[in-house]
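For reference, the structure is listed below as structure tokens.
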Amino acid sequence: MTEMIQLNIFSIVLAAGQGKRMKSKLYKVLHPVCGKPMVGHVMDAVEGLDSKRNVVVVGHGADTVRQFLGDRAEYALQAEQLGTGHAVLQAGPLLQEQTGTTLVVCGDTPLVRGETLREMLKLHQEAGAAVLVLTAELANPHGYGRVLRDGSGRVTGIVEQKDCTEEQDAVREINTGTYCFDNKKLFAALAKVTNHNAQNEYYLTDVVRILEQEGERVLAYCTDDASEAIGVNDRVALAEAERLMRERIVREHMLNGVTVTDPAQTYIDRDVRIGADTVLLPGCSLRGQTVIGGDCLIGPGTEITDSTVGDGVAIKQSVLLEAVVGNKVSIGPFAYLRPGARLADSVKVGDFVEIKNSVIGEGSKVPHLSYVGDSVVGAHTNIGCGVITANYDGFNKSTTEIGDHAFIGSNVNLIAPVKIGDGAFVVAGSTITKEVGANDMAIARTRQVNKAGYADKLRAQFKAKKEKE
């Protein structure tokens, strides 16, 4: 791709609408799609253009948008929502004196791609156009503004749905709400826009008509991916955007060497990274900033959020949240790794095991039915079935330390704070409250007493009591 002709690129992201049809306390552009607020996806696309200034127009929920985006943008406030043209005008004090190309994109169009925006800018600048409109052809264009052309195919204007004639309503080419403008011509035309329409609003689309009537060059770039046109105004559109982006993300991973056995039943957030030759089985949900290495087998029915997983790891029907997993680790089925869980290489964590804020050393095993919390476990140590580290006394969390090559028998309670030395052996059924030295054996349970024939006496007593009742 050739480089841009125009060095001065600016962007305006429209994020001021309230989004009443969402029927939500959450501001519209902050509704997530594949793990990221919609306006975050738009900013990702815009930031890849090396623009000199990015301006976000905010209105309802302004503080929450600023809080999410932080210093990624400058902000202009649209205190009263009077239409898209009025919204762009609010960026005037920041941009109207600048010379260059300005991209305008809506904050509720999460499927717009950076590659498309770059192609738009390239065409706009090479053609020396005053405005270039991103369009798409839809089988059902209801609700979208129609792109009008003359007999030669030249763009003559854009008409909003509510202002369409019957003939215009039949047009299938629609306006996506994304534009490239000559910056000074944009703000000059905005000063001429009126609100004489069905909505009594100042339409940005009127700028296109004004520039065309003034003899300026108006172009359209029709995307081959109609999903980029989707503007999310309600929960139905939100679900459709989620579906389409999920398909896009899964496809990208498959093309990069990841096997996805059932794409329709696999959920991957936008920022997740996965290594080649990893296999995702049905029902996997990979969320947030998760990173998974190569040659892994994940699933079925596994949820991993904001976690790092090494190479050659097998995770079956388990949940990981803010965990770190080394290489060649086996997890599950039905394990739960909570925040702060850190597993070294070659660790085994089996069924119905919960690990929280604990380090498990290389080659150690926690095979089944155990809870390990606030603990440090050394290398090549075995944690038996039903072991519990009792880390909370109702007031404070305390730490359990277990050394290398230790053996903790089944149904052992380790009452923190407590330390088990290297090579120590803790007998099954013990409750340990004191330190166990290296290579020592600890047993802490009452002595077994057998009473000959007493079982018959117990049965007779139970029978008599039941008959009496």
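The values are calculated or read from the model by the stated rules, or taken from the named source; none is laboratory data. This one's a predicted model, so the numbers in the text were calculated from it and none came from an experiment. Methodologically, a virtual Cβ is constructed for each residue, glycine included, from the backbone with ideal geometry; neighbour enumeration extends over all protein chains shown. Heads up: the accessible areas ignore ligands, DNA and RNA and are worked out on the full protein's heavy atoms, side chains in. Shrake-Rupley method; radii C 1.70, N 1.55, O 1.52, S 1.80 Å.
If you plug each phi of the range 157-166 into the Karplus form 6.51 cos²θ - 1.76 cosθ + 1.60 with θ = phi - 60°, what whole-Hz ³J(HN,Hα) values come out, in order, with x for Gly and Pro?
Those phi angles translate into x, 9, 10, 5, 3, 6, 9, 6, 6, 4 Hz.
What is the mean projected area of the alpha carbon convex hull for the range 286-363, to one decimal in square nanometres?
Details: hull surface 15.4 nm².
Hull-based average projected area comes out at 3.9 nm².
Suppose the chain between N140 and R154 were pulled fully straight at 0.36 nm per residue; how much longer would it get relative to their current alpha carbon spacing? Provide the component values of the computation, followed by the final result.
Values: separation 14, 0.36 × 14 = 5.04 nm, distance 2.28 nm.
Full extension of this stretch gives 2.8 nm more.
Considering only DSSP beta bridges where both residues belong to the range 337-417, give the percentage that are antiparallel (nearest 5).
5
Label points 7 Å out from Cα along the Cβ direction at K463 and S398: separation in nm?
4.9
How big is the equivalent ellipsoid of the range 234-307 along its three axes, where each semi-axis is √(5λ) from the Cα gyration tensor, reported in whole Å from largest to smallest? Could the numbers behind the result be given before it?
On the way: eigenvalues 82, 31, 26 Å².
Semi-axes (√(5λ), whole Å): 20, 12, 11.
What is the range 1-92's relative contact order, in percent, from Cα pairs under 8 angstrom and six or more apart in sequence?
Values: 120 pairs, mean separation 31.2, N = 92.
Taking the mean separation of contacting Cα pairs over the length of the range 1-92, I get 34 percent.
Under 1.5 on a/c is rounded, so check that first for the chain, then, if it is not, pick prolate when a/b is larger than b/c and oblate when it is not; a ≥ b ≥ c are the square roots of the alpha carbon gyration tensor eigenvalues. The partial results should precede the final answer.
Working: a/c = 3.12, a/b = 2.73, b/c = 1.14.
It comes out prolate by the Cα gyration axes.
Need the full-extension length gain, F352 to D234, defined as separation in residues times 0.36 nm minus the C-alpha distance. One decimal, nm. List each step's numbers first, then the result.
On the way: separation 118, 0.36 × 118 = 42.48 nm, distance 3.98 nm.
Taking F352 through D234 to full extension adds about 38.5 nm, to one decimal.
Probe radius 1.4 Å, ligands and nucleic acids ignored: give me the carbon and sulfur share of the accessible area of the chain as a rounded percent. If you can, show how the numbers build up before the last one.
On the way: 11110 of 22590 Å².
Carbon and sulfur: 49 percent of the exposed surface of the chain.
Return a whole-number percent for the relative contact order of the range 326-469, with Cα pairs under 8 Å and 6 or more residues apart as the contact set. Write out the running numbers ahead of the final one.
Working: 405 pairs, mean separation 18.3, N = 144.
Rounded, it is 13 percent for the range 326-469.
Determine, for each peptide in 234-246, 62-74, 417-429, 311-323, the mean count of other beta carbons within 10 angstrom over its residues, then list the peptides with the highest first. If you can, show how the numbers build up before the last one.
Numbers: 234-246: 16.6, 62-74: 14.9, 417-429: 18.8, 311-323: 20.8.
The most tightly packed comes first, giving 311-323, 417-429, 234-246, 62-74.
DSSP beta bridges in the chain, what fraction antiparallel, as a percent rounded to 5? Write out the running numbers ahead of the final one.
Numbers: 18 of 100 bridges.
For the chain, the DSSP antiparallel bridge percentage is about 20.
Past 29 Å, Cα to Cα, is the threshold; run K28/K52; K365/K451; K23/K192 against it and keep the listed order.
Exceeds cut-off: K365/K451; K23/K192.
So what's the convex hull volume per residue for the Cα atoms of the range 12-66, in Å³? Spell out each step's value before the answer.
Details: hull volume 4.3 nm³, N = 55.
It comes to 79 Å³ per residue, whole-number rounded.
Could you work out the relative contact order of the chain? I mean the mean sequence separation of Cα pairs under 8 Å and 6+ apart, divided by the number of residues, in percent. Kindly include the intermediate steps, with their values, before the conclusion.
On the way: 1200 pairs, mean separation 38.0, N = 469.
After rounding, I find 8 percent.
Using a Förster radius of 60 Å, what is the FRET efficiency between R445 and Q213 based on their Cβ-Cβ separation? Nearest 0.05, please. If you can, show how the numbers build up before the last one.
Working: r = 93 Å, r/R0 = 1.55.
In this case the efficiency is close to 0.05.
How many angstrom separate the Cα center of the range 281-321 from the Cα center of the range 24-44?
24
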